[in-house]
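Chemist: Would you mind keeping the following structure in view while I ask a few things?
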Amino acid sequence: MNVFKFGGASVKSADAVRNLAKILNGYNENLVVVISAMGKTTDLLETLVKAYFNKDEQKRAIFGQFKNFHIEICDQLFNAAQTPAPVSKLINELEEKLDKTPSLDYDFEYDQIVPFGELVSTSIVSEYLNATGKQNQWIDVRNCIRTDDLHRDASIDWELTGELCKETFDFNENTLYLTQGFIGSTPANITTTLGREGSDFTAAIIGNVLDAESVSFWKDVPGVLSADPKKMEGTTKIDSLSYREAVEITHSGAKIIHPKTMRPLHNKGIPLYVKSFLSPDDPGTVIHEIDHKIQLPPIFIFRENLVLITLSAKDFSFISIEDIERVVHFLIENRVKVTLMQQSAIDLNLVLDAGEADWDWLMKELSPFYTIRYNTGLTLITIRHYTEETLDWIVKEKDIYLEQHSRLTARMLVKE
């Protein structure tokens, strides 16, 4: 059996859903298909969570956008017939949730609302496939992906997940299953999420526990490229990558694959294909075990909207291991993700995603111990397999705030 994962761009419209159906019609083997929320639905639902949690009546208008977007797609797919009952049921369930008083735990409420993007998306696709003759079984992935209760970044219970997935995806009964990415549940059936863009991870989990022959991610690009074509011209497609190389570029911020994806596939030796849903017959990129050195071009990764926070001891003393321990403990305790950390004699530099971390609060909490400076609006440029020529060219006319070099990787925090 094989696992396919389709992201939000592949189901962003009625035409996109039809294209997905066309791709699946070309395959007759046993498949588990993991599908993300449609288009930018997750972004919309994140604004809905904030409005709901803050008891802002704007939640009604935001919910209306969510409902109308999906009903319009249903109207186009089903020729303005009645919205399929499973889809209506989910939309009504979300509306009923908004009538309830929120708890005091934002992360919990996030996990109870945002997953409706995946649930509705997969219901629409499943109903459309059945209506057009491609028989499939819709699965609520929360019944088989089991996690702890750390909301918004839950950890997998691998043993229980493996048992439940083998029971759920029974290919003696069906050859095609449709399910959601990004979401799971606790043993008490409380919905959790696996972290932003976690649908890739879901596909890797299912591939691992079911011993899939391969996992394929269907994207709007022809494969893994040497840079994001939206940010750089003249990119080239990379035909083959090792698991290690894929981990390096995703950890640095390449958005084509979620960083957590590679470990479950590497541990079972399952190849990952990155293919284009716009040109499904093209070979794409394969990520697999490579035990020999391959020549790769410089690979550029751009991570934007970062903030640099510099901590200096108030008495002008050196940054010690105790300082690092204090700061790291604080970051772990408050679930603050750090993109980059660098120490000098009297400074400790932290690079954070400005959109994810409440860095104003973070600086306030650390101000009793350190003098704090900060810079915003920065971009981290990572170059794998860099050359001196690429370094000189990429930083031309840019202010460099921080720089790190290793054997194969150069990182520069810059401002245009």
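Chemist: Can you give the extra length, in nm with one decimal, that the chain gains between Asn92 and Ile321 once fully stretched, where that is 0.36 nm per residue apart less the Cα-Cα distance?
Modeler: Taking 0.36 nm per residue and subtracting the Cα distance, the gain is 77.1 nm.
Chemist: Sort the following peptides by mean Cβ neighbour count (other Cβ atoms within 10 Å, averaged over residues), highest first: 186-193, 42-49, 314-321.
Modeler: Per-residue Cβ counts within 10 Å, averaged per peptide and sorted highest first, yield 42-49, 186-193, 314-321.
Chemist: Which percent of Cα pairs goes in each bin when the distances of the range 112-175 are cut into 5 angstrom slices starting at zero?
Modeler: 4, 15, 19, 21, 20, 12, 7, 2, 0
Chemist: Calculate, in nm to one decimal, what Glu397 and Gln295 gain on full extension: separation in residues at 0.36 nm each, minus their alpha carbon distance.
Modeler: 33.8 nm
Chemist: Here's a follow-up. What does the highest-first list of 28-39, 5-16 look like by mean Cβ count within 10 Å?
Modeler: 28-39, 5-16
Chemist: How high is the relative contact order of the range 28-98? Use alpha-carbon pairs under 8 Å, at least six apart in sequence, and give a whole percent.
Modeler: Rounded, it is 23 percent for the range 28-98.
Chemist: Could you work out how much longer the chain between Ser406 and Asp239 gets when fully extended? Use 0.36 nm per residue separation minus the Cα distance between them, nm to one decimal.
Modeler: Going from the current span to full extension adds 57.6 nm.
Chemist: Something else: Which of the residue pairs Lys230/Lys275; Lys237/Lys293; Lys40/Lys67; Lys237/Lys398 have a Cα-Cα distance greater than 21 Å in the structure shown?
Modeler: Lys237/Lys398
Chemist: Rounded to the nearest whole Å³, what is the per residue volume of the convex hull around the Cα atoms of the range 61-197?
Modeler: 118
Chemist: Between the alpha-carbon centers of the range 334-352 and the range 23-53, tell me the distance in whole angstrom.
Modeler: A separation of 34 Å, based on Cα centres.
Chemist: Using the Cβ atoms and a cut-off under 13 Å, what net charge is assigned to the surroundings of Pro86, where Lys and Arg are +1 and Asp and Glu are -1?
Modeler: Summing Lys/Arg as +1 and Asp/Glu as -1 gives -2.
Chemist: Another question about this same structure. Say a paramagnetic label sat at a point 7 Å from the Cα of Tyr106, along Cα to Cβ; which residues of the range 27-63 have their backbone N under 15 Å from it?
Modeler: 46-56
Chemist: Return the distance in nm (one decimal) between the two label points of a simple spin-label model at Lys314 and Glu167, each offset 7 Å from Cα along Cα→Cβ.
Modeler: 5.7
Chemist: Also: Per residue, how large is the accessible surface of the range 146-239? Use a 1.4 angstrom probe and give square angstrom.
Modeler: 42
Chemist: In addition: Out of the total accessible area of the chain (probe 1.4 Å, heavy atoms of protein only), what percent is carbon and sulfur?
Modeler: 48
Chemist: Let me ask something additional. Given labels modelled 7 Å from the Cα in the Cβ direction, how far is it in nm from Asn143 to Glu389?
Modeler: 5.8
Chemist: Now for a separate question. Based on the alpha-carbon gyration tensor of the range 177-225 and its eigenvalue square roots a ≥ b ≥ c, which shape applies: rounded if a/c is under 1.5, prolate if not and a/b is larger than b/c, or oblate?
Modeler: Because a/c hits 1.5 or more and a/b fails to exceed b/c, the range 177-225 counts as oblate.
Chemist: Which is farthest toward the positive dipole end of the chain among Asn28, Ser242, Leu311, measuring Cα position about the Cα centre, with Cβ charges +1 (Lys, Arg) and -1 (Asp, Glu)?
Modeler: It is Asn28, whose Cα lies furthest towards the positive end.
Chemist: Further question on the same structure: Could you list the trypsin sites (Lys or Arg not before Pro) in the range 17-79 that lie in coil according to DSSP, counting only those with at most 15 other Cβ atoms within 10 Å of their Cβ?
Modeler: Counting only loop positions with at most 15 other Cβ atoms within 10 Å, the trypsin sites (Lys or Arg not before Pro) in the range 17-79 are Lys40, Lys55.
Chemist: What FRET efficiency comes out for the pair Asp43/Arg373, r = Cβ-Cβ distance, R0 = 35 Å, nearest 0.05?
Modeler: Using R0 = 35 Å, I get an efficiency of 0.65.
Chemist: Net charge within 11 Å of Asn208 by Cβ-Cβ distance, Lys/Arg positive one each and Asp/Glu negative one each, not counting Asn208 itself?
Modeler: Summing Lys/Arg as +1 and Asp/Glu as -1 gives +1.
Chemist: Under 19 Å from the 7 Å Cα→Cβ point of Lys22, by amide nitrogen: which residues of the range 279-304?
Modeler: Of the residues in the range 279-304, 279-284 have backbone N under 19 Å from the label point off Lys22.
Chemist: Is the C-alpha gyration tensor of the range 160-205 telling us rounded, prolate or oblate? Criteria: a/c under 1.5 is rounded; beyond that, a/b larger than b/c is prolate, otherwise oblate.
Modeler: Since a/c reaches 1.5 but b/c is at least a/b, the shape of the range 160-205 is classed as oblate.
Chemist: Which percent, nearest 5, of DSSP beta bridges in the chain are antiparallel?
Modeler: 65
Chemist: Arrange the peptides 129-142, 225-238 so that the one whose residues have, on average, the most other Cβ atoms within 10 Å appears first.
Modeler: 129-142, 225-238
Chemist: For Ala345 and Gln58, what does the FRET efficiency come to when R0 = 45 Å and r is the distance between their Cβ atoms, rounded to the nearest 0.05?
Modeler: It comes to 0.35.
The values are calculated or read from the model by the stated rules, or taken from the named source; none is laboratory data. This one's a predicted model, so the numbers in the text were calculated from it and none came from an experiment. Backbone-built Cβ (ideal geometry, glycine too); neighbour counts: all protein chains shown. What goes into the accessible areas is simple: the full protein's heavy atoms, side chains included, and nothing from ligands, DNA or RNA. Shrake-Rupley method; radii C 1.70, N 1.55, O 1.52, S 1.80 Å.
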